[in-house]
1. Read phi for every residue in the stretch 84-99 and hand back ³J(HN,Hα) as whole Hz from Karplus 6.51 cos²θ - 1.76 cosθ + 1.60, θ = phi - 60°, with x for Gly and Pro.
2. Take every Cα pair under 8 Å in the stretch 46-94 that's 6+ residues apart, average their separations, divide by the length, and report that relative contact order as a whole percent.
3. Based on the Cα atoms of the stretch 22-99, what semi-axes does the equivalent ellipsoid have, where each is the square root of 5 times one gyration tensor eigenvalue, given in whole Å with the largest first?
Amino acid sequence: MRRILLTAAAAAFAGTAMAQTVVITPEQETVIREYVVTHQPQPVEMPPELTLEVGTPLPEAIELQPLDAPDLGVQYRYFVVDGRTVLVEPQTREIVYILE
């Protein structure tokens, strides 16, 4: 019985860790938008087999730009596609947030 409870607890913890949500405040969104407008990155064309949604890992072929906004407080990379700014976790290359 103890083994079952430990296994269930571990599975619940793993699910929670994987389902973490990135929260971007309105102030942070403003900083990001101003940064992107100032730096004018080239838009990226997404490969048709990829879905633009949080959690999608990106291939190396998609060039990520550094997001060096000092007022942001976190380090992400980003790219622009179809007028949307997409924030990416640099270590995993997973999409973490999409600004419409």
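1. 10, 9, 10, 8, 10, 6, x, 6, 9, 6, 8, 5, 10, 6, 10, 8
2. Values: 46 pairs, mean separation 16.6, N = 49.
Value for the stretch 46-94: 34 percent.
3. Values: eigenvalues 75, 36, 25 Å².
Whole-Å semi-axes of the equivalent ellipsoid: 19, 13, 11.
Read-outs: derived from the displayed coordinates by stated rules, not from any lab. Since this is a predicted model, take the numbers as computed values, not measurements.
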